[in-house]
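> Take a look at the following structure, please.
The values are calculated or read from the model by the stated rules, or taken from the named source; none is laboratory data. It should be emphasised that the depicted structure is a prediction, and the values quoted were computed from it without experimental measurement. Methodologically, a virtual Cβ is constructed for each residue, glycine included, from the backbone with ideal geometry; neighbour enumeration extends over all protein chains shown. What goes into the accessible areas is simple: the full protein's heavy atoms, side chains included, and nothing from ligands, DNA or RNA. Shrake-Rupley method; radii C 1.70, N 1.55, O 1.52, S 1.80 Å.
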There are 4 protein chains.
Amino acid sequence: MTNIAFIGLGIMGNPMAVHLANAGHTVAGLDRSPERSAALVAAGGRAASSLADAVKGADVICVMVPDSPDVQDVLEGENGVFQLAETGALIIDFSSIRPDVTQQLAEQAQALGFRLLDAPVSGGEAGAKNAALSIMVGGAEDDFAAAKPLFDVVGKTVVHVGPSGSGQTVKAANQLIVAANIQAVSEAVVFLEAYGVDTKAALEVLGGGLAGSTVLNQKKENMLSRSFEPGFRIDLHHKDMGIVTAAAREAGVVVPLGALVAQLVASARANGDGGLDHSALLRGVERLSGLEPANGQAG
Amino acid sequence: MTNIAFIGLGIMGNPMAVHLANAGHTVAGLDRSPERSAALVAAGGRAASSLADAVKGADVICVMVPDSPDVQDVLEGENGVFQLAETGALIIDFSSIRPDVTQQLAEQAQALGFRLLDAPVSGGEAGAKNAALSIMVGGAEDDFAAAKPLFDVVGKTVVHVGPSGSGQTVKAANQLIVAANIQAVSEAVVFLEAYGVDTKAALEVLGGGLAGSTVLNQKKENMLSRSFEPGFRIDLHHKDMGIVTAAAREAGVVVPLGALVAQLVASARANGDGGLDHSALLRGVERLSGLEPANGQAG
Amino acid sequence: MTNIAFIGLGIMGNPMAVHLANAGHTVAGLDRSPERSAALVAAGGRAASSLADAVKGADVICVMVPDSPDVQDVLEGENGVFQLAETGALIIDFSSIRPDVTQQLAEQAQALGFRLLDAPVSGGEAGAKNAALSIMVGGAEDDFAAAKPLFDVVGKTVVHVGPSGSGQTVKAANQLIVAANIQAVSEAVVFLEAYGVDTKAALEVLGGGLAGSTVLNQKKENMLSRSFEPGFRIDLHHKDMGIVTAAAREAGVVVPLGALVAQLVASARANGDGGLDHSALLRGVERLSGLEPANGQAG
Amino acid sequence: MTNIAFIGLGIMGNPMAVHLANAGHTVAGLDRSPERSAALVAAGGRAASSLADAVKGADVICVMVPDSPDVQDVLEGENGVFQLAETGALIIDFSSIRPDVTQQLAEQAQALGFRLLDAPVSGGEAGAKNAALSIMVGGAEDDFAAAKPLFDVVGKTVVHVGPSGSGQTVKAANQLIVAANIQAVSEAVVFLEAYGVDTKAALEVLGGGLAGSTVLNQKKENMLSRSFEPGFRIDLHHKDMGIVTAAAREAGVVVPLGALVAQLVASARANGDGGLDHSALLRGVERLSGLEPANGQAG
């Protein structure tokens, strides 16, 4: 049994904190919207009243917030974790942020006597609810070993991929592949519909061959029905494409497909689809092809 | 028990013909390289001495050859199937060719009293050997029903996707998705290596999340070891990208990702990688990034 | 003084035929829309009643029609030039068509005792009206020499670029550069407007530096005022991008920018802008960026 | 007659400072490499021994250094212009840097009693030598009016494009157009060579039509002879493409062509061509097309 503070109870953080409580750990949850603690409380956790309250006595501090500045705010901000938490605490950052920010935070954490793992996840809302996330972990080997039992509570594929920042690097690669695959499937769907093929049957047979993917399995219903309730929002994928293209540039790696997809994600956002699931990249293919996109929830 | 002629005993056709013979059918095989009939003969089939010999008495004529002109040659060429086969025969074209060529051939076949299904496959050499192909079938419903038992001998996911030509259209979409996904995974691999991440571990965890795909499962070993023995050759994927971009243009569907990937496949070919497996698109990312590509078999 | 038949009196052909008549040549014009001969007749030419009438006694036969099939129809069709014209006539094809079609027609022409030059032009409606066209000529050296005085009547920059088909190849390259430059300027304009820069002043200063171009000079007013009356229609540029991307593919030359621009031109057409001037590619950048494109004439 | 300090006497700054001295102004030059002051001294200027020495008594301080951090260092660094210059001095920053950095520096300048214009230039080494630069100026109207006589000494097209930062924004747009046009011309050249056209003649005729541009005029010799001595280095254009793609992203403007060209510039750099003139993008098209690029100076 571990004393856990869980900062950030959104679409992803909420079910993760609940799983940890259900597994018998003592979990104090904190979110800007206090009503989000309800599920955690129902599972036996408690709603912290402040960050100071949340991290008091916590051996492990989990963070699951949207972007780099949010993590910086939670950790190194005034009245943040670095000021308030007990020395020696293990900080697990599940957020998807810039690898260089992670590395700076990890150095700072170490200097202050904390341990920090970057542990971004893949698998979406479904993966979080089913405790079936992929977790890509960067940091020290023994910190990973210490955190592994907790990772196993919320994830199915848990892998230590390298030193601090590596988890974020792998997550960036993940987002490149996912966006490219969604775009490719979207182009295929509009192409098939233009030829009057039985698209539902076609996606079934495509899924059975080399074109098969988790994207195709999980998103084909969204695409066929033009129902783009998130899921994973285009706004967040836009943020992530910024990370991956900047990091590739920094490393001198040329990613023509990644760069083009980043533009198409940006276009989706510019067209008001930022709040839709990323499978709504399909709507961009329709716009390019002169087809009036069927309205999604936020369109 | 069906009398079957099987024209084209290459990497794909050979195991397919063998499966049909093993299933108890009478199979006469024909290939420009007669020694390729050995496996079929060992499985109880026979090596035909000519097309006339192959199609004599055949109820079903299977064709598995590389490109549109090859199929045209086999079917409508002098001393071709349309001249020599018995009226009423069912022709199954497993080749991946242009949808418009398929439609023309189907019309011609019907006028001459034949029935023609386009039935391109996905799954590669492994799929052919394991009788686990995805088969996307275009043509008349009752012809599909008649051929279904034979399809089930060589395939796992067998779907009738629409009228004549639809199989080829779906195959074109398949090739767009596959090439884009290989390219995206390739960019991710070079990116991860540039950051010194444990790439093998990274691909494992990527495979468990939303980035997971059949491409990632089947091709990651090739990529990690830079071992690009085909498999499915870049030369053939280049042909297929020509089909999909031309068909998209014809239909007024805009496929920016498909068009860019088509250029990158063309670049692989122009750089002498045409005989390598399509996972060798990785080498193109290395070239763009100024990394000397490790030599593949044909590189 | 030369006896000239001029087939095709559209936006380009009309002023060219008039210039030839004004220069003292005997010009018989023919167009599907007979009223288009008015300007030529006013300039001292005559309106032919049929192709047979037009080419009777003609030493030189000029052709200026939209696409490859149109040229094929005029030349090798039933009651076409190859049937009706006097042996030895010099055929000058000003149309922009596929280089391979030109080569086939030239071979046929030679076999029948005709001489054929491919002489596509650049410079647009303004160039045609001002007799300031660039003319890129493929064919035999002595045929070029014979036609040079006529070229000089309608063009300013007249260059023999190689054997039969070379003119079309150069025109294809021309269209690649022009479309890419229009797209780049369009992206720049939307970018500048987003930042609230004085865009009119900006385009003036851009024109004075390394970004300067004929496109910028001729099209900036269209772009600033969103007034896209053709000029050169997107439908025709779409046809040309098909020629250049197919020819590049055939030659194994990789043109990533060309291929992407071809998709964006196709998108303009799919969005109903085919009848607008090609500077309306700007509207595509607006669409991608979520800005309601101001209506052009045909939008 | 104005007292001018000129900081940065490289390829561009050197001839600009000389022109100002030749026009009768009192010019004190400073560069990290003191020998670069020779031409200025020969023209009647003087070599300053330090920044303090240079800016002492200067009414106008010109800056022409490579990148954002260099300008920040010169202006706001310890012993920088903001510390040492006389209050009220007019600072003209000719460097090409990030628009947001310019805006921050301008605010700081104003707070300290200085006036700052951003005045990046286009036209390259030739433009600097011939006093024929395009200068795109951002800042206050009256500061522009005050600086106009000096701009007219070094430039031919001098335009005030908006408030502080606007000059940099226009320069970013300039670099997008220039890179795209170089890439397009490069693709055209490799395409023409593949077809055996007389490329020199072809570029002449292309220059006379709608494909004509300053890039084509100034760079065609480099391209035909594969002689890529800078000129404007790919390393610097790479920096600029980073500025334009980031600024477009920030503004929500989608620039697919710009983003692709940025990748191709990055690829040139990754392949060791960073020190070559930007016309060496041609080498990238050759690499993509499997042609061994002829060696440039730095290749």
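> From the list B:ASN3, B:ASN79, which residue is among the polar types (S, T, N, Q), under 24 Å from B:ALA106 (Cα atoms), more than 23 Å from the chain's Cα centre (by Cα) and modelled with pLDDT under 95?
B:ASN79
> Looking at (1) modelled with pLDDT of 95 or more; (2) open to solvent by 40 Å² or more (accessible area, probe 1.4 Å), can you tell me which one B:VAL253 breaks?
Unmet condition: (2).
> I'm trying to understand the selection: among the residues of the range A:84-96, which are open to solvent by 60 Å² or more (accessible area, probe 1.4 Å) and among the acidic types (Asp, Glu)?
Matches in the range A:84-96: A:GLU86 only.
> Another question about this same structure. How many of the residues making up the range A:149-167 are within 9 Å of chain B (Cβ to nearest Cβ), assigned to a helix (DSSP H, G or I) and surrounded by fewer than 22 Cβ atoms within 10 Å (Cβ to Cβ)?
Qualifying residue count for the region: 0.
> Would you tally the residues in the range D:29-64 being of a type in the set (A, V, I, L, M, F, W, C) and either out of contact with any Ser or Thr (no Cβ under 9 Å at 6 or more places or on another chain) or farther than 25 Å from D:ASP143 by Cβ (or both)?
Of the residues in the range D:29-64, 13 are of a type in the set (A, V, I, L, M, F, W, C) and either out of contact with any Ser or Thr (no Cβ under 9 Å at 6 or more places or on another chain) or farther than 25 Å from D:ASP143 by Cβ (or both).
> Can you find a residue in the range A:217-226 that is open to solvent by less than 20 Å² (accessible area, probe 1.4 Å), among the hydroxyl-bearing types (Ser, Thr, Tyr) and within 30 Å of B:LYS171 (Cβ to Cβ)?
There is no residue in the range A:217-226 that is open to solvent by less than 20 Å² (accessible area, probe 1.4 Å), among the hydroxyl-bearing types (Ser, Thr, Tyr) and within 30 Å of B:LYS171 (Cβ to Cβ).
> While we're looking at this one, here's another question. Name the pairs whose Cβ atoms lie under 6 Å apart, with the first residue in the range A:116-133 and farther than 20 Å from A:SER279 by Cβ, the second among the acidic types (Asp, Glu), and 6 or more positions between them or separate chains?
A:LEU117/A:ASP143; A:ASP118/A:ASP93
> Kindly evaluate D:ALA146 against the criterion of being touching a Leu at 6+ places or on another chain (Cβ under 7 Å), open to solvent by 30 Å² or more (accessible area, probe 1.4 Å) and within 27 Å of D:ALA48 (Cα to Cα).
In short, yes.
> Kindly indicate which of D:GLY212, D:GLY208, D:GLY196 is in contact with a Ser or Thr (Cβ under 6 Å, 6 or more places away or on another chain) and at pLDDT below 95.
D:GLY208
> For the range B:122-143, which residues satisfy the criterion of being farther than 27 Å from B:LEU236 by Cα and either surrounded by fewer than 17 Cβ atoms within 10 Å (Cβ to Cβ) or aliphatic (A, V, I, L, M) (or both)?
Result: B:ALA140, B:GLU141, B:ASP142.
> Would you point out the residue of the range C:97-121, among those that are within 13 Å of chain D (Cβ to nearest Cβ) and open to solvent by 20 Å² or more (accessible area, probe 1.4 Å), that is nearest to the chain's Cα centre (by Cα)? Let's see the steps before the verdict.
Going through the range C:97-121, the residues within 13 Å of chain D (Cβ to nearest Cβ) turn out to be C:98-100, C:102-103, C:118-121.
Those left that are additionally open to solvent by 20 Å² or more (accessible area, probe 1.4 Å): C:98, C:100, C:103.
Values: C:ARG98: 12, C:ASP100: 17, C:GLN103: 18 Å.
Per the criteria, the residue is C:ARG98.
> Quick check on my filter: what residues within the range D:20-57 are in contact with a Cys (Cβ under 9 Å, 6 or more places away or on another chain) and in contact (Cβ under 8 Å) with a residue 24 or more places away in the chain?
D:LEU20
> Give the number of residues within the range B:168-194 that are facing chain A (nearest Cβ under 7 Å) and either closer than 13 Å to B:SER122 by Cα or open to solvent by less than 10 Å² (accessible area, probe 1.4 Å) (or both). It would help to see each step written out before you state the result.
From the range B:168-194, those facing chain A (nearest Cβ under 7 Å) are B:169-170, B:173-174, B:176-178, B:180-181, B:183-185, B:187-188, B:190-192, B:194; that's our starting set.
Going one step further and asking which of them are either closer than 13 Å to B:SER122 by Cα or open to solvent by less than 10 Å² (accessible area, probe 1.4 Å) (or both), we end up with B:169-170, B:173-174, B:176-178, B:180-181, B:183-185, B:187-188, B:190-192.
Total satisfying the criteria: 17.
> Tell me whether the range A:139-147 contains one or more residues that are under 27 Å from A:PRO230 (Cβ atoms), in contact (Cβ under 8 Å) with a residue 12 or more places away in the chain and either at the interface with chain B (Cβ under 8 Å from one of its Cβ atoms) or out of contact with any strand residue (DSSP E or B) (no Cβ under 6 Å at 6 or more places or on another chain) (or both). Outline the logic, then answer.
From the range A:139-147, those under 27 Å from A:PRO230 (Cβ atoms) are none; that's our starting set.
Among the residues of the range A:139-147, not one is under 27 Å from A:PRO230 (Cβ atoms), in contact (Cβ under 8 Å) with a residue 12 or more places away in the chain and either at the interface with chain B (Cβ under 8 Å from one of its Cβ atoms) or out of contact with any strand residue (DSSP E or B) (no Cβ under 6 Å at 6 or more places or on another chain) (or both), which makes the answer no.
> Still on this structure: Among the strands (runs of 3 or more DSSP E) contained in the range B:15-120, which hold 3 or more residues that are within 25 Å of A:TYR195 (Cα to Cα) and aliphatic (A, V, I, L, M)?
B:90-93
> Are there any pairs, at least 6 apart or on different chains, whose C-beta atoms fall under 8 Å, with the first in the range C:69-80 and over 17 Å from C:LYS239 (Cα atoms) and the second assigned to a helix (DSSP H, G or I) and open to solvent by 80 Å² or more (accessible area, probe 1.4 Å), and if so, which?
C:GLY80/C:ASP73
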